[in-house]
Amino acid sequence: MAKILDGRPLAQEIRSEVAAGVAEIQQKHGVTPGLAAVLVGDDPASAIYVRNKRRACAEVGMFSDSFTLPWDTDQGEVLALVDQLNSDDRFHGILVQLPLPPQIDTQKIIESTNPSKDVDGIHPYNVGKLVQGRPDFIPGTPAGIQQILLRNGYDPSGQNVVVCGRSEIVGKPLAVLLMQRQPGANATVTICHTRTTDLATYTRQADILVAATGQPNMITASMVKDGAVVIDVGINRVEDSTRRRGYRLVGDVDFDSVSQKAEAITPVPGGVGPMTIAMLLVNTLTATRLSIYEH
């Protein structure tokens, strides 16, 4: 049975580190790090994410506020709100909860955010700095995955890492992060996606396999080599009449079978998810420090 890479205690460890950093800034500079969350519409999952992020901010001593707009809000109103938050000194970080409604150009909203407040790390300026190996902000999920590996003793250096998924917030930035000539990286990285032929040929070569496909239980035991470390980013609802809510949450990995073959594996839920929020707090603290020290 594989070692379970539980993200919850690690996330709590990182939150404690952030709380100490917040207290230091408050003591030395009288500044409280602040995070603004923008939510357009009433998607229940997005609302839960925003609420969890605000709760996490409160836990570490940060100030946070959320700004909710109706689902039919036009792009101009969202841009105006982001512009307002860009110049609001109470907030060192701005988070626009995705996905946005179809009438809004997501890329324009991202590009309108002040890069120095882009704690999601998805503004083109910050993506460029990540590619160059000198990021201010690493997107939360890739940063969380890297910390899960390192804090459990699985240094990616020299390892074959296969990432299934090429999204802008997980697959691409994770590949760039782990290939850097830096401590905690130096991996040989392969990205697989929907046009990859014979996916299992690649996944079976992985020392570290990351599944971020959005397809429940897609990665099966036959696709994983013995002793691999498996990071499951997916969180999917599948029908389950035995559960009170009528569904249960599963990852992109068939946990029951793969956990019998892998050396270590993240659970769903409770693996990558808590780390993503913890790393958002790290980025907000970084943004605050940059606003004070400017280097």
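Hey, could you check region 207-229 for residues that are β-branched (Val, Ile, Thr) and out of contact with any Phe, Trp or Tyr (no Cβ under 9 Å at 6 or more places or on another chain) and say which is surrounded by the most Cβ atoms within 10 Å (Cβ to Cβ)? Walk me through how you get there before you give the answer.
Keep residues of region 207-229 that are β-branched (Val, Ile, Thr), which gives 208, 210, 213, 219-220, 224, 229.
Still in the list and also out of contact with any Phe, Trp or Tyr (no Cβ under 9 Å at 6 or more places or on another chain): 210, 213, 219-220, 224.
On the way: Val210: 34, Thr213: 26, Ile219: 26, Thr220: 14, Val224: 27.
Among them, the one singled out is Val210.
Sort through Arg204, Arg195 and tell me the only one that's in contact with a Lys or Arg (Cβ under 6 Å, 6 or more places away or on another chain), over 25 Å from Pro135 (Cα atoms) and open to solvent by 10 Å² or more (accessible area, probe 1.4 Å).
Details: Arg195 fails: in contact with a Lys or Arg (Cβ under 6 Å, 6 or more places away or on another chain).
Answer to the selection: Arg204.
Select from region 44-71 the residues that are without any contact (Cβ under 8 Å) to a residue 40 or more places away in the chain and closer than 16 Å to Pro102 by Cβ and write down the one among them that is most open to solvent (accessible area, probe 1.4 Å).
Taking region 44-71 first, the residues without any contact (Cβ under 8 Å) to a residue 40 or more places away in the chain are 44-45, 47-48, 51, 54-55, 58, 63-71.
Okay, now just the ones that are also closer than 16 Å to Pro102 by Cβ, so 69-71.
Values: Leu69: 38, Pro70: 76, Trp71: 129 Å².
Ranking the candidates gives Trp71 first.
Go through the residues of region 263-285 one by one and say whether even a single one is of a type in the set (S, T, N, Q), open to solvent by less than 10 Å² (accessible area, probe 1.4 Å) and either in a loop (DSSP other than H, G, I, E, B) or more than 29 Å from Tyr49 (Cβ to Cβ) (or both).
Yes.
Which of the residues belonging to region 65-97 are more than 15 Å from Asp118 (Cα to Cα) and within 24 Å of the chain's Cα centre (by Cα)? Steps first, please.
Initially, region 65-97 is screened for residues more than 15 Å from Asp118 (Cα to Cα), giving 65-78, 80.
Matches in region 65-97: Asp65, Ser66, Phe67, Thr68, Leu69, Val78.
Restricting to region 72-122, give me the number of residues that are basic (Lys, Arg) and either open to solvent by 40 Å² or more (accessible area, probe 1.4 Å) or more than 25 Å from Ile48 (Cβ to Cβ) (or both). Give the steps one after another, and end with the answer.
Taking region 72-122 first, the residues basic (Lys, Arg) are 90, 108, 117.
From what's left, either open to solvent by 40 Å² or more (accessible area, probe 1.4 Å) or more than 25 Å from Ile48 (Cβ to Cβ) (or both): 90, 108.
Number satisfying all stated conditions: 2.
Among the residues of region 211-225, is there at least one that is among the charged types (D, E, K, R) and either within 18 Å of Gln159 (Cβ to Cβ) or modelled with pLDDT under 95 (or both)?
Here is the first cut: in region 211-225, the residues among the charged types (D, E, K, R) are 225.
Subset that is either within 18 Å of Gln159 (Cβ to Cβ) or modelled with pLDDT under 95 (or both): 225.
Yes, some residue in region 211-225 is among the charged types (D, E, K, R) and either within 18 Å of Gln159 (Cβ to Cβ) or modelled with pLDDT under 95 (or both).
Against the definition (of a type outside the set (S, T, N, Q) and either more than 18 Å from the chain's Cα centre (by Cα) or farther than 30 Å from Thr220 by Cα (or both)), how does Leu178 come out, yes or no?
Values: of a type outside the set (S, T, N, Q): yes; either more than 18 Å from the chain's Cα centre (by Cα) or farther than 30 Å from Thr220 by Cα (or both): no.
Criteria not met by Leu178.
In region 150-175, which residues are under 14 Å from the mean Cα position of the chain (by Cα), in a helix (DSSP H, G or I) and either at pLDDT below 95 or surrounded by fewer than 23 Cβ atoms within 10 Å (Cβ to Cβ) (or both)?
Result: Gly171, Lys172, Ala175.
Here are some residues: Ala37, Ala47. Which one is among the hydrophobic types (A, V, I, L, M, F, W, C), more than 21 Å from Ala287 (Cβ to Cβ) and not in a loop (DSSP other than H, G, I, E, B)?
Within the list Ala37, Ala47, the selection yields Ala47.
The values are calculated or read from the model by the stated rules, or taken from the named source; none is laboratory data. What you see is a predicted model; the values in this text were computed from it and never measured. So basically every Cβ, Gly included, is an ideal-geometry build from the backbone, and we count neighbours across all protein chains shown. Calculation scope for accessible area: heavy atoms of the full protein, side chains included, ligands and nucleic acids excluded. Shrake-Rupley method; radii C 1.70, N 1.55, O 1.52, S 1.80 Å.
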